[in-house]
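Asks: First the structure, then my questions, so here it is.
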Amino acid sequence: MKFDATIIGGGLAGLICGIKLGEAGLRCAIVSRGQSALHFSSGSLDLLSHLADGTPISDIETGLCELASRSPEHPYAQLGTAAVLNYADETEALLARAGLTLQGHWRYAHSRLTPLGLWRTAWLSQQDAPCAPLTGKRIRVVGIAGFLDFEPLMVAEGLKQQNIDADTAELALPVLDVLRQNPSEFRSVNIARMLDDPRYTQQLLQELTALASGYDALLLPAVVGLEQPGLPAQLQQALPCALHFIPTLPPSVPGMRMYNALARYFRKCGGIIMDGDAVTSVTHDTSGLHQVWTRNHGDIPLKARHVVLASGSFFSNGLVAERQRVREAIFDLDLHDYAAGGDWSHPDFFHSQPWQSIGVKTNAQLQPARHGEVVAGLYAIGTVLGGFDPISQGCGGGVCAITALHAAQQIITTGSRL
Ligand SMILES: Cc1cc2nc3c(=O)[nH]c(=O)nc-3n(C[C@H](O)[C@H](O)[C@H](O)COP(=O)(O)OP(=O)(O)OC[C@H]3O[C@@H](n4cnc5c(N)ncnc54)[C@H](O)[C@@H]3O)c2cc1C
């Protein structure tokens, strides 16, 4: 099997890179071992909310210029402000082509409500996510009887502390009794699979209508719209007040909705996803093509002119922590090692953690090196990269999308097809 490009990892970075390559007519395969961070995420994407020292960013262009001078190892600094903003524009258009209706624009960061009832800065959020301002509105936070992965009282309390008028209520939804019998089954994804069934829409709507009177907005856990992405909008149209959905504890319906849309569109662009397979090693044949060896394909390698490493961070085992060092799992690539000679963690849990910034080091074309030598035809993208802290800098989704598009651009520019 020969491909123009083989991508290792089918998370946000791998899928966006694959889509751009597919749209450009390149033959592309993604090998992906398992679930990605998207399945656990809020379904909102962050671009850049803070500098490394914790300074909040209000204007993204100014923030990127500051970042370039203070954190030159950050992937955005390597690409340059103009390129980052061009790719941010391109990301928004690509996600729309993939069928994702999102609110937000890189120039105007917004605040989305978290399950703790607090605000978090975001770049793009799903259309039905609750975003600021809610001030002056009468809000009802609605839980589901027996569902433990969402706590309406916590959300309402968070809102009240900001002087927002909020109370709580509960949906009974007897249709879910079959899931209630087993607490490990009573999770957001299983609830969504039931509530997405059109047979139960009327029952859901009746209970919601009874709770809506006198309120400006109902806030629900995100438990609809997995198989039927149009259902949240359909419910909204039938209700007399606004309806928003807050992500629950993982697995996350909004994150999975984003994954499903991207995977569907990647396949539509001609891409192949080898789900549940794992890349074990990469070698070269005599003609210089990469030979990508996988667990399921045994002694038949996938051949590709370009390989993109999008295997994620520690969470997805793209990076592995050993007793003495951190290692990139497939190629043993050179890393930004912030922890060398220092502690991997900071004693204050809420402080930026040094281990978060460990990851693959690349040049400005996102080409990594091994023992100081650039590996030809290999690119690294997404959270396998080092030089940034996706949590404290609020830039995880943005780094994935922007580095994915940049690597794809390098591959397209070389113009080599099999
Ligand atoms: C729990 C969690 C929640 C997050 N929430 C947000 C959020 O709300 N907003 C935001 O902007 N950012 C969030 N982030 C940051 C997040 O990391 C990025 O947004 C992004 O989704 C990461 O994408 P990725 O493609 O780099 O890696 P991943 O999503 O980790 O995907 C890597 C993929 O590579 C596969 N893989 C690894 N090794 C191999 C191999 N050898 N062979 C084949 N496949 C392999 C893995 O199975 C996985 O599917 C979150 C991160 C985590 C961990």
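The values are calculated or read from the model by the stated rules, or taken from the named source; none is laboratory data. This structure is a prediction, so every number in the text was calculated from the model and none was measured. Neighbour counts are summed over all protein chains in view; Cβ atoms, including those assigned to glycine, are modelled from backbone coordinates with ideal geometry. Ligands, DNA and RNA are excluded from the accessible area calculation, which covers all protein heavy atoms including side chains. Shrake-Rupley method; radii C 1.70, N 1.55, O 1.52, S 1.80 Å.
Asks: Counting pairs on different chains as well as pairs 8 or more places apart, how many Lys pairs in the chain have Cα atoms under 21 Å apart? Kindly include the intermediate steps, with their values, before the conclusion.
Replies: Details: Lys2/Lys20; Lys2/Lys268; Lys2/Lys303; Lys20/Lys268; Lys20/Lys303; Lys137/Lys160.
The number of close lysine pairs in the chain is 6.
Asks: While we're looking at this one, here's another question. What trypsin sites (Lys or Arg not before Pro) does region 326-387 have in DSSP loop regions with at most 13 other beta carbons within 10 Å? List each step's numbers first, then the result.
Replies: On the way: sites: Arg327, Lys361, Arg370; in loops: Lys361.
Counting only loop positions with at most 13 other Cβ atoms within 10 Å, none of the trypsin sites (Lys or Arg not before Pro) in region 326-387 qualifies.
Asks: A follow-up question, please. When the Karplus curve 6.51 cos²θ - 1.76 cosθ + 1.60 is applied with θ = phi - 60°, which whole-Hz ³J(HN,Hα) does each residue of region 109-114 get, with x for Gly and Pro?
Replies: Ordered by residue, 3J(HN,Hα) equals 5, 10, 10, 10, 7, 8 Hz.
Asks: Which whole-Hz ³J(HN,Hα) couplings does region 323-334 yield from phi under the Karplus relation 6.51 cos²θ - 1.76 cosθ + 1.60, θ = phi - 60°, glycine and proline marked x?
Replies: Working through the residues one at a time gives 4, 9, 7, 9, 10, 6, 6, 9, 9, 6, 6, 5 Hz.
Asks: May I pose another question? Would you please give the residues with an amide H less than 5 Å from that of Leu124, counting only those at least 5 places away or on a separate chain, with H modeled from the backbone geometry?
Replies: For Leu124, the qualifying residues are Leu45.
Asks: Skipping prolines and chain starts, which residues have an amide H placed within reach, meaning under 5 Å, of the one on Met274, given they are 5 or more residues away or on another chain?
Replies: Amide H neighbours of Met274, under 5 Å, 5+ apart: Ile30, Val31, Ser32.
Asks: Are there chymotrypsin sites (Phe, Trp or Tyr not before Pro) in region 300-384 that DSSP puts in a loop and that have at most 12 other Cβ atoms within 10 Å, and which ones? Numbers along the way, then the final one.
Replies: Working: sites: Phe314, Phe315, Phe331, Tyr338, Trp344, Phe349, Phe350, Trp355, Tyr379; in loops: Phe331, Tyr338, Trp344, Phe349, Phe350.
Hits after loop and neighbour filter: Phe349, Phe350.
Asks: Which whole-number percentage describes the relative contact order of region 130-246, with Cα contacts under 8 Å and a sequence gap of 6 or more? Don't skip to the answer; put the middle values down first.
Replies: On the way: 179 pairs, mean separation 33.9, N = 117.
The normalised contact order for region 130-246 reaches 29 percent.
Asks: Starting with the highest mean, order 164-171, 245-252 by the number of other Cβ atoms within 10 Å, averaged over the residues of each peptide.
Replies: Descending packing order for the listed peptides: 245-252, 164-171.
Asks: On C-alpha positions alone, give me the angle between the axis of helix 396-414 and the longest principal axis of the chain, in degrees, nearest 10.
Replies: On a 0 to 90 degree scale, this one is about 40.
Asks: Taking every pair of alpha-carbon atoms in region 130-246, give the share separated by more than 20 Å as a whole percent. Walk me through the numbers before you get to the answer.
Replies: Values: 2650 of 6786 pairs.
Summing the P(r) tail past 20 Å for region 130-246 gives 39 percent.
Asks: Additional query: Please report, to two decimal places, log10 I(q)/I(0) for region 332-418 at q = 0.19, 0.24 Å⁻¹ as given by the Debye formula with identical point scatterers on the Cα atoms and no solvent.
Replies: Treating every Cα as an identical point scatterer, log10 I(q)/I(0) equals -0.88, -1.17.
Asks: Ignoring ligands, DNA and RNA, what percent of the accessible area of the chain is carbon or sulfur (1.4 Å)? Walk me through the numbers before you get to the answer.
Replies: Details: 9290 of 17800 Å².
Percent of accessible area from carbon and sulfur atoms in the chain: 52.
Asks: Going highest first, how would you order 181-189, 270-278 by mean Cβ packing within 10 Å?
Replies: On the way: 181-189: 13.9, 270-278: 17.0.
Taking the mean over residues of other Cβ atoms within 10 Å, the ranking is 270-278, 181-189.
Asks: Where does the chain land on the Kirkwood hydrodynamic radius, alpha-carbon pairs, in angstrom?
Replies: It works out to 22.5 Å.
Asks: So with the 1.4 Å probe, I'd like the accessible area per residue for the chain, rounded to whole Å². If you can, show how the numbers build up before the last one.
Replies: Numbers: 17800 Å² over 418 residues.
That works out to 43 Å² per residue.
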